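Only one structure is covered here, and it is reproduced in the block below.
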Amino acid sequence: MASRKAIAAPFPFLDTDARAWPGMPELTEARRHSLSRFRAEALPSTRVEAWKYTNLAALARIPFTAPRPSAGDGEAAQAAVRAVPSDRRRLVFVNGRFHAASSITGTAPQGSFVGGLTQALQQAPDLIKPHLAHLTSLDGDALMALNTAFMIDGAALLIGRGQTAEPVELIQVGHAGEAPIAFHPRHLIVVEAGATATLVETRTGEGIYWSNAVTTVVLGEGATLHHHVIQQSSLDAFDLARVQVIADANATYDGSLLGTGAALSRHEVEGLLEGRNVTCRLRGAFLARGTQIADVTTVIDHGERDGQSEQLIRGVLDGKAHGVFQGRIVVRPAAQKTDARQNSNMLMLSDGAEADTKPELEISADDVKCSHGATVGELSDAELFYLQARGIDPDTARRLLVSGFLATVFETVSDDSVRERAAAAVEGWFAS
């Protein structure tokens, strides 16, 4: 029986024997331990502080099975590729498995690798093995353990020292048939000292599925990663994603998120700023309507001095949607001269929508600049009147004000295609 802090989750896929990883006994053993841990802990309930506002009970009631390759996977992959207007290198995954026929990996320079994780373990073990600890660690919650137990594949983006990599598109497709499925991608992104990379991640799909993705980002000294996520999952899906960033001195993590899909979505970012003078920028926006639940949860942990972090999260809620932002900033005793800022704004388009915000500061250093702010409000009647008085109809006026509210989030994104796709996704949300 699950404790009051856990939700019993007897998923059928838990009995699937998919935990062996040929040639990698370390991974096989970690997967077995992780499965045992998940069976003992189950899903976190709302009595767990980090999940206080997001209830996984509905997810636990669905009999998810393990996905099986099907004839329709290729068609689903190609449809997703056509929807992404880009000729960049791309990595396509269907139900957590690398789809080589739809991917374009190109030729990586010496010391680098771009492809699937299983492929990397077979073809570039010397590049992967120094980072095996990031795949076998049992740190984190029960969902992390579940991912470790059932990860089948994921993206491997390894950029060698001092290189400037071409941008890479990561396209993740959920393709469920009549039965609901669950898959657990595990992505490993390593940008070595002095290197620069850009990863644009798109998540889409159809049917009832659960994506439980974990991405580990390792940044060497002076490395930079631009990481942009556009989440447009099936409105029947559960999209849970965790990003852990481990950053050395002078590194930069530049992240953005736009979410419009999923019945329930949660985007977690944990930034472990372990070196001096690390910069972490997070910009996020979500739009939800009906009974959608959208959750953005962050923990930015400053471990050394002179670090900078900036977070701007905005949500738009309509119908009976529920939006959540939890943002925690930790400043360790050694992290003097830290400059950490956090701001969240929720815009309510209906009386039935619900918003929860929980900003936190945990400061153990005395020479810092830290701030946080949170607002929840409605569209301005004065601004609506101003636009309508100039001949703009009420629906168009609302769309213009909401688009302007969200545009601020993406105006500092340097990638033109990401800004354009974010704007198109917002327009598509209004049109749907």
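The values are calculated or read from the model by the stated rules, or taken from the named source; none is laboratory data. Keep in mind the model is a prediction, meaning the values are calculated, not measured. When we count neighbours, we look across all protein chains shown, and the Cβ atoms used for this are built from the backbone with ideal geometry, even at glycine.
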- Note on the structure: A careful count of residues in segment 227-258 that are outside any strand (DSSP E or B), surrounded by fewer than 23 Cβ atoms within 10 Å (Cβ to Cβ) and in contact with an Asp or Glu (Cβ under 9 Å, 6 or more places away or on another chain) gives 5
- Query: Within segment 412-419, is there a residue that is in contact with a strand residue (DSSP E or B) (Cβ under 9 Å, 6 or more places away or on another chain), loosely packed, with under 13 Cβ neighbours inside 10 Å and closer than 30 Å to residue 200 by Cα?
  - Reply: yes
- Evaluate the following for residue 395: is it charged (D, E, K, R), surrounded by fewer than 19 Cβ atoms within 10 Å (Cβ to Cβ) and assigned to a helix (DSSP H, G or I)? yes
- Task: Pull up segment 129-162, narrow it to residues that are in a helix (DSSP H, G or I), out of contact with any strand residue (DSSP E or B) (no Cβ under 7 Å at 6 or more places or on another chain) and of a type in the set (A, V, I, L, M, F, W, C), then point me to the one that is surrounded by the fewest Cβ atoms within 10 Å (Cβ to Cβ).
- Result: 133
- Answer yes or no: is there a residue in segment 358-368 that is over 30 Å from residue 225 (Cβ atoms) and not charged (D, E, K, R). no
- What's the number of the condition residue 69 fails, among (1) buried (at least 17 other Cβ atoms within 10 Å of the Cβ); (2) more than 20 Å from the chain's Cα centre (by Cα)? (1)
- With the first residue restricted to segment 121-135 and required to be in contact (Cβ under 8 Å) with a residue 60 or more places away in the chain, and the second required to be surrounded by 12 or more Cβ atoms within 10 Å (Cβ to Cβ) and basic (Lys, Arg), Cβ contacts under 7 Å at 6 or more apart or on different chains are 135/186
- Item | Members of segment 169-183 that are of a type outside the set (A, V, I, L, M, F, W, C), surrounded by fewer than 24 Cβ atoms within 10 Å (Cβ to Cβ) and touching a residue at least 60 places away in the same chain (Cβ under 8 Å) | 169, 177, 180
- Query: Of the residues 319, 261, which is assigned by TED's automatic domain parsing to the domain that holds residue 167, modelled with pLDDT of 95 or more and assigned to a loop (DSSP other than H, G, I, E, B)?
  - Reply: 261
- Message: Pairs needed: first member in segment 220-232, in the same structural domain as residue 206 (by TED's automatic domain parsing) and over 13 Å from residue 279 (Cα atoms); second member anywhere, at pLDDT 95 or above and of a type in the set (Gly, Ala, Ser); C-beta distance under 6 Å; at least 6 residues apart or different chains.
- Response: 227/255; 228/256; 231/259; 231/261; 232/261
- Could we say that residue 403 is touching a residue at least 24 places away in the same chain (Cβ under 8 Å) and either in contact with a Leu (Cβ under 7 Å, 6 or more places away or on another chain) or in a strand (DSSP E or B) (or both) here? no
- Go through 85, 22, 63 for me and flag whichever is surrounded by fewer than 12 Cβ atoms within 10 Å (Cβ to Cβ), modelled with pLDDT of 95 or more and either farther than 17 Å from residue 137 by Cα or outside the structural domain of residue 121 (by TED's automatic domain parsing) (or both). 63
- Task: Could you run through segment 353-372 and say how many residues are surrounded by fewer than 15 Cβ atoms within 10 Å (Cβ to Cβ) and either in a strand (DSSP E or B) or under 21 Å from the mean Cα position of the chain (by Cα) (or both)?
- Result: 4
- Starting from residues that are in a strand (DSSP E or B) and of a type in the set (S, T, N, Q), keep the ones in segment 264-297 and report whichever is surrounded by the most Cβ atoms within 10 Å (Cβ to Cβ). 265
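Okay, residues lined up against (1) buried (at least 18 other Cβ atoms within 10 Å of the Cβ); (2) touching a residue at least 24 places away in the same chain (Cβ under 8 Å); (3) not assigned by TED's automatic domain parsing to the domain that holds residue 232:
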residue	(1), (2), (3)
300	yes, yes, yes
304	yes, yes, yes
309	yes, yes, yes
312	yes, yes, yes
336	no, yes, yes
348	yes, yes, yes
351	no, no, yes
- Task: Could you tell me whether residue 213 is buried (at least 21 other Cβ atoms within 10 Å of the Cβ) and not in a strand (DSSP E or B)?
- Result: no
